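Heads up, the thing below is written out as structure tokens.
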Amino acid sequence: DAGVIQSPRHEVTEMGQEVTLRCKPISGHNSLFWYRQTMMRGLELLIYFNNNVPIDDSGMPEDRFSAKMPNASFSTLKIQPSEPRDSAVYFCASSSSGRDIQYFGAGTRLSVL
Amino acid sequence: GDSVTQMEGPVTLSEEAFLTINCTYTATGYPSLFWYVQYPGEGLQLLLKATKADDKGSNKGFEATYRKETTSFHLEKGSVQVSDSAVYFCALIPSNDYKLSFGAGTTVTVRA
């Protein structure tokens, strides 16, 4: 299996622009997680999907952030409008069940200028 | 809430030295415990795990034992290599939840 695939690997954008991050989980996994990693706050869980349904979005920082999972093989995290404080590395992870091992993608490094 | 505390870094070692990274946790019941490793520019990879008391997880020469009495899950390796240079995260999933709680991470640098 190719593992969790994220795109793009790097994204540089200007403040106010819309940013869309993409994730393809491991085939057969029914749980998907989006995380944000920063030096100041470490790893933060943003949102958790189970069977394509958002279960917990309490970590989404504000309304500018939204996430979707239209099918079992694809998820997006969108930031609109983006701000410099959104600069971070965003990881997607998937697991075969909510409490099983989470497998992480390589991440998207976002820089908002 | 449930949480993990791990020793702060950075840690700098010479090749073939012994490595220990301390990790303690606070949780009700019996959480599952993990060590993840993050190499430069990459995502997190599972290094090892333990799901019940006295379990020992091991992988790539690393070991950690789930100690319920001391609420600890310390990571050890007897002889490190330059390729072990990375950030190591201790983490837990509570027994009744799905949220993976991470420690702050410990940066390890191994010099040749």
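Within the stretch A:93-107, count every residue that is more than 9 Å from every other protein chain (Cβ to nearest Cβ) and crowded, with 23+ Cβ neighbours inside 10 Å.
Adding up the residues that qualify gives 1.
Could you please find all residues in the stretch A:79-113 being at pLDDT below 95, in a strand (DSSP E or B) and touching an Asp or Glu at 6+ places or on another chain (Cβ under 8 Å)?
none
Considering only residues that are under 13 Å from A:LEU110 (Cβ atoms) and not basic (Lys, Arg), which ones fall in the stretch A:62-79?
Once the filter is applied, which keeps residues that are under 13 Å from A:LEU110 (Cβ atoms) and not basic (Lys, Arg), the stretch A:62-79 yields A:PHE65, A:LEU77, A:ILE79.
Residues of the stretch A:57-84 being over 19 Å from A:PRO8 (Cα atoms) and either in contact with a Cys (Cβ under 9 Å, 6 or more places away or on another chain) or without any contact (Cβ under 8 Å) to a residue 12 or more places away in the chain (or both), which ones?
A:ASP57, A:SER58, A:GLU62, A:ASP63, listed by residue number.
I want to confirm something. Restricting to the stretch B:28-46 and keeping residues that are surrounded by 17 or more Cβ atoms within 10 Å (Cβ to Cβ) and in contact with a Ser or Thr (Cβ under 7 Å, 6 or more places away or on another chain), which single residue is nearest to A:GLY107 (Cα to Cα)?
B:SER32
Criterion first (in contact with a helix residue (DSSP H, G or I) (Cβ under 9 Å, 6 or more places away or on another chain), loosely packed, with under 14 Cβ neighbours inside 10 Å and either closer than 25 Å to A:PRO25 by Cβ or away from chain A (no Cβ under 11 Å) (or both)) does B:GLU15 satisfy it?
In short, yes.
Would you mention how many residues in the stretch A:49-91 are of a type in the set (D, E, K, R) and within 13 Å of chain B (Cβ to nearest Cβ)?
2
For the condition crowded, with 16+ Cβ neighbours inside 10 Å, of a type in the set (Phe, Trp, Tyr), touching a residue at least 60 places away in the same chain (Cβ under 8 Å) and in contact with a Leu (Cβ under 6 Å, 6 or more places away or on another chain), what is the one hit in B:TYR66, B:TYR25, B:TYR88?
Exactly one of B:TYR66, B:TYR25, B:TYR88 is crowded, with 16+ Cβ neighbours inside 10 Å, of a type in the set (Phe, Trp, Tyr), touching a residue at least 60 places away in the same chain (Cβ under 8 Å) and in contact with a Leu (Cβ under 6 Å, 6 or more places away or on another chain), namely B:TYR25.
Quick check on A:PRO25: is it away from chain B (no Cβ under 14 Å) and within 18 Å of B:LYS99 (Cβ to Cβ)?
Considered against the rule, which asks whether it is away from chain B (no Cβ under 14 Å) and within 18 Å of B:LYS99 (Cβ to Cβ), A:PRO25 comes out as no.
So is B:ILE21 of a type outside the set (S, T, N, Q) and closer than 30 Å to A:HIS10 by Cα or not?
So B:ILE21 fails the test.
The values are calculated or read from the model by the stated rules, or taken from the named source; none is laboratory data. Remember, it's a predicted structure, so these values are computed and weren't measured experimentally. Virtual Cβ from ideal backbone geometry, glycine too; neighbours counted across all protein chains shown.
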